[in-house]
Amino acid sequence: MHDELPSGIQEMINNLRLNTSADFCGLACLSGSMLRWKYTSGATNQRVTRMEMRPGQDLVGTALRTGRTSLADQQSTGSHMPGRCPLMIAEKLLCAIAVPVFHDGSVPDAVLLVGSRQPCTFSTDIIRQAELAAQTVGAYSLRISPLEAQKEEKLFRD
């Protein structure tokens, strides 16, 4: 799906999905005020790659706005629980972890989502794996030169 993009991040997304026994794993990056799902693993259709969304009051928006991991699973119920984002609805995800990714600075500009199509409760180990993966993505992207980043963005748009 993203064969033309650097394989390091895509491989990490694939491995995270497999290691956590998740049904879906994806990385969405801010482009202006919109989020685009650049790297995915376990998507059931191609709509995800074309999906653009504004960060809102949902799980992904909460992670971006607060800069903290946001969780929607069977244990996290109540009025403070963020809603499901458009991607969760499109992919039929019932539970998910959204982790902000910090590339440069104190404001997140991407989010990593790990989701399940079955009701579940995420263990602290799975949450920790997702958070470590988000830190790795942030560190990896700092090693990509601005020219490489422009090439990636151009390939993504094509």
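The values are calculated or read from the model by the stated rules, or taken from the named source; none is laboratory data. Remember, predicted model here, so these are calculated numbers, not experimental data. Cβ placement follows ideal geometry from the backbone for every residue including glycine, while neighbour counts extend to all protein chains displayed. For accessibility, only protein heavy atoms count, side chains too; no ligands or nucleic acids. Shrake-Rupley method; radii C 1.70, N 1.55, O 1.52, S 1.80 Å.
Some notes on this structure:
- Among the numbered conditions (1) modelled with pLDDT under 90; (2) part of a loop (DSSP other than H, G, I, E, B); (3) among the aromatic types (Phe, Trp, Tyr), the only one that Tyr140 does not meet is (2).
- Within the stretch 1-29, the set of residues being at pLDDT below 90 and of a type in the set (A, V, I, L, M, F, W, C) comprises Met1, Leu5.
- In the condition set (1) small (Gly, Ala, Ser); (2) surrounded by fewer than 23 Cβ atoms within 10 Å (Cβ to Cβ); (3) in contact with a helix residue (DSSP H, G or I) (Cβ under 8 Å, 6 or more places away or on another chain), Ala96 is compliant with all but (2).
- Subset tally (residues that are open to solvent by 50 Å² or more (accessible area, probe 1.4 Å) and either farther than 17 Å from Ile89 by Cβ or among the small types (Gly, Ala, Ser) (or both)) for the stretch 32-46: 2
- Only listed residue being surrounded by fewer than 18 Cβ atoms within 10 Å (Cβ to Cβ), in contact (Cβ under 8 Å) with a residue 12 or more places away in the chain and of a type in the set (S, T, N, Q), chosen from Ser116, Ser106: Ser106
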